[in-house]
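*Asks:* Quick one: structure below, then a few questions.
Any read-out appearing in this document is the output of simple, stated calculations on the displayed coordinates, not a laboratory observation. Only a predicted model underlies this, so the values are computations on that prediction, with no experimental measurement involved. FYI the Cβ positions are ideal-geometry reconstructions off the backbone, even for glycines, and counts take in every protein chain you see.
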C-alpha cells in the first residue's frame with residue numbers, strides 16, 4: 001500500500017503504524033524507504049509509531065503524545081532525553097549514545 005500511495009505523487013503521506021507486524025529487517029527497510037521518499041521526492045510524511053527508537057533515528061520532528069495530548073514536540077535531540085521520555089512513558093528511560101545515534105533503553 002505504501003508504494004501505491006507514493007506513486008500517487010501527493011505532497012503529504014499519513015501512515016498509521018506502518019511497522020506493525022513487520023520483523024526488524026523489514027521495519028528498517030520500510031523506514032529507510034520512507035526517509036528516502038521524504039528527502040528525494042520532497043514529501044511530507046507523518047508516521048504514527050510506538051517505537052521511540054525508530055522515531056528518534058528517522059524522524060526530523062517528533063510529536064510525543066500521551067492520553068490524547070501533545071506532551072513534547074521537537075527534533076530528536078530534544079525528545080530523546082531521559083527526562084522527556086521518562087515523563088512520556090511513565091517509566092524510567094535511559095538514553096545512550098549508540099553507534100548510529102541516541103537510543104532509549106528501558107526495562
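*Asks:* Quick one: work out the % antiparallel among DSSP beta bridges in the chain, nearest 5.
*Replies:* 65
*Asks:* With a 10 Å radius around each residue's Cβ, average the other Cβ atoms per peptide and rank 16-22, 51-57, highest first.
*Replies:* Output ranking for 16-22, 51-57: 51-57, 16-22.
*Asks:* A follow-up question, please. Evaluate the relative contact order of the chain (contact order divided by residue number), counting alpha-carbon pairs under 8 angstrom at least 6 apart; express in whole percent.
*Replies:* 19
*Asks:* Rg (Å, one decimal) plus Dmax (Å, integer) for the alpha carbons of the chain?
*Replies:* In order Rg, Dmax, the Cα atoms of the chain give 14.3, 42 Å.
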